[in-house]
Every structure is written in structure tokens, then in C-alpha cells.
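The next block holds one structure in the form of C-alpha cells; read it before the comments.
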């Protein structure tokens, strides 16, 4: 069996970007993520203005997480047996249509005829549709990434791919907040729809990615194979589990509209800045990691990063100063990026080509939807405990989780990437 964890070596920092398909992939992903982040800021602030309910913010996350988790394995199965470019065309078209419906629901002319509850329900339904699209999107793009560059460049490619995505996380919320504040929600939705359309066009610049699925294989046996692979892989399962619990309890992104509106009183423009600065911290750290990889001691570095993440969350909850809050969000993004790079590199290097869709689907059940489930947990906790206590509680749980992980995995701390692979096999 080929050793899939290739020790990171010094190489051209731009090596992955020299492949045409990889450039098309990250450009497509950038515009889609940019639009999605704009939409998240706009819809979140609009719903909070309409309802003044933190629970309603949490429901947005739940509506997306339920289908994203519920059909994730099926999405991975379809990705392994389908041509990926055609899948992406259908996915982007579906998201474009659901976003159009959300745009129509926010029109003032329609609002005079519909009760606020019906508008919220309609938006929740469209977010649910986006969750369905996400169940297929993750496995499809995971496979496209893997085929766009050689395996030895996966760590370098992961850094650039995630950096481009994080750049969209910076520009999307900032653009969404500023446009919402100065030009209104209608203009903002025009930019969102245009960005999704660009992503859809960029799909045509990708080569065809045929299925790698065994013809006639039973769907349940196939899905079980993917689950068993992840569960039997201690490194992959450990990284996913740690990320799941830390993000589930420690996420604060869903509550940012409430902090911006109630505590900091900075409006949609301030909300956009708060959402963006998290990603500024993330992408700054990732650019550093394109030269200095965190993979020399992956498990040790992962535990350090999650610890820093938890501490910054607690400080964020205590802050009532806008500039200090921005700094703490920057720090959260920096620590989060280390976790993303380590987990992403391990997944890409360990996963067999014929199982990429299904393994990505299992990952999305652990990680991809932990943000939305964390949003629901944050909204629910805030409605029961209060806004600030809920955030502090989440940070404390994150530190508890990483402490337990430390004592249970102390023997893995000094191991290198090569050592972990040997121990796991």
C-alpha cells in the first residue's frame, strides 16, 4: 500500500497554482464562497432586525444543518459515481434559484402583503434547500481538488485553496455589511446573485472528472465502507472529533448580529467588519503556513490551536469594546486556520481516490455542519442563559474538550506526520 502521508518537503510556495485546473477550482470556490458569506451576513441581520430573536438566528443554522447532515452520505455516494463538473452545474443552479427566492422575500413591496413570520419561514425553507446543495457540494469539490494537482502538492494546495476561501470569508461579509448599510438589501442581493453566476461559469473551465465508482456496487455497502474507513483511521477520526466539539460549543459567528446590534451597537457595517476580521486572522496565518507548515507535529499543533481558540472565545464574550472584539475575532481566525490546514492535509493524503466522495461526506457530517449545529446551540444557549454567558460557557466547554483530548492522546504529541502514518497502519 502506497504511503499516503508524504512528509512535507521544501518546495515552490506557488507550486499548486501552476496547474490550470487548480486555478479554475480555487477561483470557482472563491466566488461561490464570497456570495455565500454575503448572503449569510445579510440574511442574519435581516432576520434579527425582523424578529429581535437570537433563537431565530440559531434556527437558520439548524435549517441548513439538518439536510447537510441527513443526506451527506448519499451526497458522497453520488459524487463517487457521477461526473463532478455536471454535479457542480446543478448545485450552483439550485443555489442561484434559492437565493433568488430569498431576494424576492426581502422586497419591501412583498413585505406589505406577508406577515413577518411567513417571510422568516420562507427564508428558512430556502436555507434548507442550500443545505441540500451543500450535502452534494462538499464531496464533489473534494474530489475535484484531489484530481487537480499531484498528491505530493496536497499540503501546498490545501494552504492556497483554504487561503482563497478565507479571502472570500473576509471580502464577503465586509461587502455584504457595507452594501446592506449604505445601498440596501436589494442591491446586496444583486451582487450575491452575480457572484454565484460567475462561479457557475467558471465550472466550464474545469476538465471533466469521471466517476471512480465500482459499477453495480450496493449503495449501503458502499456507504458503510466509507464510514468504516474513517472510524478505523485514528488520526482522521481524532482530528474530526476535536474540531466537531470545539466548533459546536465554541462557535460565536451566529451570535454576531446580536452582539453588533445589542452590545456593541455598530449596525450592519460593523457586523460585516466583525465577520471579515475573523477571516483576516485566518488567511494571514495561512499565508505564513504556506512557508512554515504546521505538519511537523500535527497533533501537538492541533491541540495548541484549539486551546487558543477556546481562550479567545471566552475573552470575546467578556469584551464590550468594538476594537478589542475585532482583535479577539482576528485571534480566533488565526487559531482556527491552523486546525483547518492540519485536518485538511491529513484527509486529502490519507483518503483513497475511489472513496473521496464518501470520506468527504463523513467529514461534512463531523465538520461541515458543525458550524450550523453550533449556530443552533449558540442561539438556544443564548436564549436560555443570555448572550454573554452563552459565549463564555461555550469557550469553557471547548477548553474542557481539548484538555480531555490532551490526557487521552499524550503519546501522540511528539509524533511527526510520518510517525502518525506508521502508527495508524
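Pairs under 8 Å by beta carbon, first residue in contact (Cβ under 8 Å) with a residue 12 or more places away in the chain in region 394-411, partner surrounded by 19 or more Cβ atoms within 10 Å (Cβ to Cβ) and not in a helix (DSSP H, G or I), six or more apart or different chains?
From region 394-411, the pairs are 394/251; 394/252.
Considering each of 328, 287 in turn, give the residue that is more than 23 Å from residue 402 (Cα to Cα) and in a helix (DSSP H, G or I).
287
For region 367-394, name all the residues that are outside any helix (DSSP H, G or I) and at pLDDT 80 or above. It would help to see each step written out before you state the result.
Applying the first criterion (outside any helix (DSSP H, G or I)) to region 367-394 yields 369, 386.
Selection gives 386 alone.
Just to check your reading of the model, which residue among 75, 138, 131 is touching a residue at least 40 places away in the same chain (Cβ under 8 Å), closer than 19 Å to residue 42 by Cβ and crowded, with 16+ Cβ neighbours inside 10 Å?
Details: 75 fails: closer than 19 Å to residue 42 by Cβ; 138 fails: closer than 19 Å to residue 42 by Cβ.
Just one listed residue meets the conditions, 131.
On the given criteria, is residue 77 under 24 Å from residue 202 (Cα atoms) and in a helix (DSSP H, G or I)?
no
Need the failing condition index for residue 256 against (1) farther than 25 Å from residue 345 by Cα; (2) in contact (Cβ under 8 Å) with a residue 24 or more places away in the chain; (3) surrounded by fewer than 22 Cβ atoms within 10 Å (Cβ to Cβ), just the number.
Going through (1) farther than 25 Å from residue 345 by Cα; (2) in contact (Cβ under 8 Å) with a residue 24 or more places away in the chain; (3) surrounded by fewer than 22 Cβ atoms within 10 Å (Cβ to Cβ) one by one, residue 256 breaks only (3).
Against the conditions (1) buried (at least 23 other Cβ atoms within 10 Å of the Cβ); (2) modelled with pLDDT under 90; (3) within 19 Å of residue 175 (Cβ to Cβ), where does residue 68 fall short? Just the number, please.
(3)
Among (1) modelled with pLDDT of 85 or more; (2) surrounded by fewer than 21 Cβ atoms within 10 Å (Cβ to Cβ); (3) within 29 Å of residue 14 (Cα to Cα), where does residue 315 come up short?
Of the numbered conditions (1) modelled with pLDDT of 85 or more; (2) surrounded by fewer than 21 Cβ atoms within 10 Å (Cβ to Cβ); (3) within 29 Å of residue 14 (Cα to Cα), the odd one out for residue 315 is (3).
Say whether the condition of being closer than 19 Å to residue 322 by Cα, touching a helix residue (DSSP H, G or I) at 6+ places or on another chain (Cβ under 8 Å), modelled with pLDDT of 75 or more and buried (at least 19 other Cβ atoms within 10 Å of the Cβ) is met by at least one residue in region 234-247.
Checked against the condition, which is being closer than 19 Å to residue 322 by Cα, touching a helix residue (DSSP H, G or I) at 6+ places or on another chain (Cβ under 8 Å), modelled with pLDDT of 75 or more and buried (at least 19 other Cβ atoms within 10 Å of the Cβ), region 234-247 yields no hits at all.
Does residue 397 satisfy the condition of being at pLDDT 85 or above, part of a helix (DSSP H, G or I), exposed (fewer than 13 other Cβ atoms within 10 Å of the Cβ) and on the phi < 0 side of the Ramachandran plot?
Considered against the rule, which asks whether it is at pLDDT 85 or above, part of a helix (DSSP H, G or I), exposed (fewer than 13 other Cβ atoms within 10 Å of the Cβ) and on the phi < 0 side of the Ramachandran plot, residue 397 comes out as no.
The values are calculated or read from the model by the stated rules, or taken from the named source; none is laboratory data. As the structure is a prediction and not an experimental result, all values here were calculated from the model. When we count neighbours, we look across all protein chains shown, and the Cβ atoms used for this are built from the backbone with ideal geometry, even at glycine.
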